[in-house]
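Q: Before we start, here is the structure in question, set down as C-alpha coordinates.
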Amino acid sequence: VISTAADTHGRPTVVDLVPAEARLFPVGRLDAETEGLLLLTNDGDLAQRLTHPSHGVEKAYLAEVEGSPSPAALRRLREGVDLDAGPTAPAKVTVVQPRGATTAIEIVIHEGRNRQIRRMFEAVGHPVVRLVRTRIGPLTDHRLAPGSSRLLEPTEVRALYAAAGTATSDAAHQLTRRARR
(Lines give C-alpha, C1' and ligand atoms only; values in the text may rest on other atoms or scores of the structure.)
Protein backbone atom coordinates (compact mmCIF):
# COMPACT_ATOMS: atom_id res chain seq x y z
CA VAL A 1 0.00 0.00 0.00
CA ILE A 2 1.01 3.62 -0.43
CA SER A 3 1.77 5.50 2.80
CA THR A 4 -0.23 8.59 1.98
CA ALA A 5 -3.78 9.71 2.68
CA ALA A 6 -4.79 9.79 -1.01
CA ASP A 7 -3.30 8.52 -4.26
CA THR A 8 -4.00 10.07 -7.66
CA HIS A 9 -3.41 6.69 -9.33
CA GLY A 10 -6.10 4.88 -7.35
CA ARG A 11 -3.72 2.58 -5.49
CA PRO A 12 -4.71 1.44 -1.97
CA THR A 13 -3.42 3.75 0.77
CA VAL A 14 -2.52 3.16 4.38
CA VAL A 15 -5.63 5.02 5.58
CA ASP A 16 -7.77 2.52 3.65
CA LEU A 17 -6.55 -0.19 6.02
CA VAL A 18 -7.99 1.23 9.24
CA PRO A 19 -11.54 2.12 10.10
CA ALA A 20 -11.84 5.80 10.95
CA GLU A 21 -14.62 8.26 11.45
CA ALA A 22 -12.25 11.22 11.18
CA ARG A 23 -9.69 12.16 8.55
CA LEU A 24 -6.36 10.46 9.23
CA PHE A 25 -2.89 11.84 8.47
CA PRO A 26 0.12 9.56 8.00
CA VAL A 27 3.15 10.89 9.86
CA GLY A 28 5.88 10.80 7.27
CA ARG A 29 5.83 8.76 4.11
CA LEU A 30 7.60 5.56 3.28
CA ASP A 31 8.55 4.95 -0.34
CA ALA A 32 7.22 1.82 -1.99
CA GLU A 33 10.40 -0.15 -1.19
CA THR A 34 10.64 0.91 2.48
CA GLU A 35 8.86 -0.77 5.37
CA GLY A 36 8.43 -0.12 9.05
CA LEU A 37 6.76 2.02 11.65
CA LEU A 38 4.04 4.40 10.51
CA LEU A 39 1.90 6.61 12.70
CA LEU A 40 -1.61 7.70 11.74
CA THR A 41 -3.36 10.52 13.56
CA ASN A 42 -6.43 12.67 13.11
CA ASP A 43 -4.48 15.63 14.57
CA GLY A 44 -3.12 17.39 11.48
CA ASP A 45 -1.09 19.86 13.56
CA LEU A 46 0.64 17.02 15.41
CA ALA A 47 1.37 15.25 12.11
CA GLN A 48 2.91 18.42 10.68
CA ARG A 49 5.01 19.04 13.80
CA LEU A 50 6.29 15.45 13.84
CA THR A 51 7.32 15.57 10.18
CA HIS A 52 8.59 19.12 9.58
CA PRO A 53 12.39 19.29 9.97
CA SER A 54 12.22 22.58 11.90
CA HIS A 55 10.83 20.69 14.91
CA GLY A 56 13.79 18.27 14.96
CA VAL A 57 11.80 15.10 15.64
CA GLU A 58 14.07 12.16 14.92
CA LYS A 59 13.20 9.18 12.76
CA ALA A 60 15.40 6.09 13.04
CA TYR A 61 15.93 3.53 10.29
CA LEU A 62 17.78 0.26 9.92
CA ALA A 63 19.46 0.23 6.53
CA GLU A 64 21.07 -2.79 4.96
CA VAL A 65 23.56 -1.43 2.45
CA GLU A 66 25.85 -2.95 -0.14
CA GLY A 67 29.44 -3.39 0.98
CA SER A 68 31.10 -2.05 4.08
CA PRO A 69 31.20 1.75 4.31
CA SER A 70 34.61 3.19 5.14
CA PRO A 71 35.15 5.56 8.06
CA ALA A 72 35.24 8.42 5.52
CA ALA A 73 31.84 7.40 4.08
CA LEU A 74 30.35 7.18 7.58
CA ARG A 75 31.81 10.61 8.40
CA ARG A 76 30.15 12.10 5.29
CA LEU A 77 26.79 10.71 6.44
CA ARG A 78 27.36 12.10 9.93
CA GLU A 79 28.34 15.56 8.63
CA GLY A 80 25.67 15.80 5.92
CA VAL A 81 25.71 14.69 2.31
CA ASP A 82 25.43 17.00 -0.69
CA LEU A 83 22.34 16.06 -2.68
CA ASP A 84 20.92 17.82 -5.75
CA ALA A 85 18.67 20.03 -3.56
CA GLY A 86 21.52 20.95 -1.20
CA PRO A 87 23.22 19.34 1.76
CA THR A 88 21.35 17.15 4.23
CA ALA A 89 21.45 17.81 7.94
CA PRO A 90 23.96 15.66 9.82
CA ALA A 91 22.75 12.15 10.59
CA LYS A 92 23.48 9.89 13.52
CA VAL A 93 25.05 6.74 12.09
CA THR A 94 25.93 3.48 13.86
CA VAL A 95 27.25 0.35 12.21
CA VAL A 96 25.12 -2.45 13.63
CA GLN A 97 26.51 -5.52 11.92
CA PRO A 98 28.66 -6.39 8.91
CA ARG A 99 26.98 -9.23 7.00
CA GLY A 100 29.47 -10.32 4.37
CA ALA A 101 28.42 -8.53 1.18
CA THR A 102 26.20 -6.08 3.10
CA THR A 103 26.26 -4.04 6.30
CA ALA A 104 23.42 -3.20 8.67
CA ILE A 105 23.51 0.44 9.76
CA GLU A 106 21.21 2.44 12.02
CA ILE A 107 20.72 5.95 10.69
CA VAL A 108 18.77 8.68 12.50
CA ILE A 109 17.60 11.82 10.70
CA HIS A 110 15.13 14.62 11.40
CA GLU A 111 14.48 15.63 7.80
CA GLY A 112 12.26 13.74 5.43
CA ARG A 113 13.27 14.52 1.86
CA ASN A 114 12.10 12.25 -0.92
CA ARG A 115 14.04 8.96 -0.69
CA GLN A 116 16.61 10.81 1.44
CA ILE A 117 18.32 7.89 3.13
CA ARG A 118 18.56 5.92 -0.09
CA ARG A 119 20.07 8.96 -1.83
CA MET A 120 22.51 9.59 1.03
CA PHE A 121 23.86 6.04 0.94
CA GLU A 122 23.99 6.12 -2.86
CA ALA A 123 26.05 9.34 -2.65
CA VAL A 124 28.66 7.61 -0.47
CA GLY A 125 28.79 4.55 -2.75
CA HIS A 126 26.71 2.08 -0.73
CA PRO A 127 23.22 1.56 -2.19
CA VAL A 128 20.44 0.46 0.15
CA VAL A 129 19.31 -3.16 -0.16
CA ARG A 130 16.61 -2.95 2.53
CA LEU A 131 15.29 -0.04 4.62
CA VAL A 132 13.07 -0.26 7.72
CA ARG A 133 11.86 2.68 9.82
CA THR A 134 12.16 1.65 13.47
CA ARG A 135 11.32 4.83 15.39
CA ILE A 136 9.38 8.10 15.09
CA GLY A 137 10.43 10.45 17.90
CA PRO A 138 9.97 8.43 21.09
CA LEU A 139 7.67 5.85 19.46
CA THR A 140 8.92 2.32 18.75
CA ASP A 141 7.24 -1.06 18.70
CA HIS A 142 9.46 -3.98 17.77
CA ARG A 143 6.71 -6.49 18.57
CA LEU A 144 4.16 -5.07 16.09
CA ALA A 145 3.87 -7.49 13.18
CA PRO A 146 4.00 -6.19 9.59
CA GLY A 147 0.54 -5.15 8.44
CA SER A 148 -0.87 -4.89 11.95
CA SER A 149 -1.88 -1.86 13.96
CA ARG A 150 -2.69 -0.86 17.50
CA LEU A 151 -3.93 2.14 19.40
CA LEU A 152 -1.28 4.10 21.23
CA GLU A 153 -1.13 4.21 24.99
CA PRO A 154 -1.84 7.60 26.62
CA THR A 155 1.80 7.82 27.72
CA GLU A 156 2.92 7.34 24.10
CA VAL A 157 0.54 10.07 22.92
CA ARG A 158 1.88 12.48 25.57
CA ALA A 159 5.46 11.61 24.57
CA LEU A 160 4.70 12.36 20.91
CA TYR A 161 3.20 15.74 21.82
CA ALA A 162 6.27 16.50 23.94
CA ALA A 163 8.61 15.49 21.10
CA ALA A 164 6.66 17.75 18.75
CA GLY A 165 7.01 20.63 21.18
CA THR A 166 3.32 21.08 21.87
CA ALA A 167 1.18 20.59 24.95
CA THR A 168 -1.25 17.70 25.06
CA SER A 169 -4.76 19.07 24.78
CA ASP A 170 -7.83 17.57 26.48
CA ALA A 171 -9.12 16.75 23.02
CA ALA A 172 -6.01 14.67 22.35
CA HIS A 173 -7.31 11.92 24.59
CA GLN A 174 -10.28 11.54 22.25
CA LEU A 175 -8.18 11.34 19.07
CA THR A 176 -7.59 8.09 17.30
CA ARG A 177 -3.93 7.32 16.77
CA ARG A 178 -2.60 4.15 15.33
CA ALA A 179 0.92 2.91 14.88
CA ARG A 180 1.52 0.87 11.75
CA ARG A 181 4.33 -1.36 10.82
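Q: Is segment 35-44 home to any residue that is in contact (Cβ under 8 Å) with a residue 24 or more places away in the chain and of a type in the set (S, T, N, Q)?
A: The answer is yes, given that some residue of segment 35-44 is in contact (Cβ under 8 Å) with a residue 24 or more places away in the chain and of a type in the set (S, T, N, Q).
Q: Here is a follow-up. Can you name the condition, by its number, that Pro98 falls short on among (1) part of a loop (DSSP other than H, G, I, E, B); (2) modelled with pLDDT under 95; (3) not aromatic (Phe, Trp, Tyr)?
A: So the condition that Pro98 fails would be (1).
Q: If a residue has to be of a type in the set (A, V, I, L, M) and at pLDDT below 95 to count, how many in segment 77-88 make the cut?
A: Residues in segment 77-88 being of a type in the set (A, V, I, L, M) and at pLDDT below 95: 2 in total.
Q: Cβ-Cβ under 8 Å, sequence separation 6+ or interchain: first residue in segment 153-173 and aromatic (Phe, Trp, Tyr), partner at pLDDT below 90 and open to solvent by 70 Å² or more (accessible area, probe 1.4 Å). Which pairs?
A: That search, which allows pairs on different chains as well, returns Tyr161/Ala167.
Q: Let me ask something additional. Of all the residues that make up segment 106-120, how many are part of a strand (DSSP E or B) and touching a Ser or Thr at 6+ places or on another chain (Cβ under 7 Å)?
A: Matching residues across segment 106-120 total 1.
Quick grid of which residues meet (1) touching a Pro at 6+ places or on another chain (Cβ under 9 Å); (2) among the charged types (D, E, K, R); (3) under 21 Å from Thr134 (Cα atoms):
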position: Thr8; (1), (2), (3): no, no, no
position: Gly28; (1), (2), (3): no, no, yes
position: Leu38; (1), (2), (3): yes, no, yes
position: Ala60; (1), (2), (3): no, no, yes
position: Ser70; (1), (2), (3): no, no, no
position: Pro90; (1), (2), (3): no, no, yes
position: Val95; (1), (2), (3): yes, no, yes
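Q: Out of the residues in segment 95-109 meeting the condition of being touching a Leu at 6+ places or on another chain (Cβ under 9 Å) and among the β-branched types (Val, Ile, Thr), tell me which one is most open to solvent (accessible area, probe 1.4 Å).
A: Only one residue fits best here, namely Val96.
Q: Then there's this: Scan segment 15-38 residue by residue and report those that are of a type in the set (Lys, Arg) and closer than 20 Å to Pro53 by Cα.
A: Within segment 15-38, just Arg29 meets the criteria.
The values are calculated or read from the model by the stated rules, or taken from the named source; none is laboratory data. Fair warning: this is a prediction, and the values are worked out from it, not measured in the lab. Here the Cβ is made from the backbone with ideal geometry for all residues, glycine too, and neighbour counts use every protein chain on show. We work out accessible area using only protein heavy atoms, side chains counted, and drop any ligands, DNA or RNA first. Shrake-Rupley method; radii C 1.70, N 1.55, O 1.52, S 1.80 Å.
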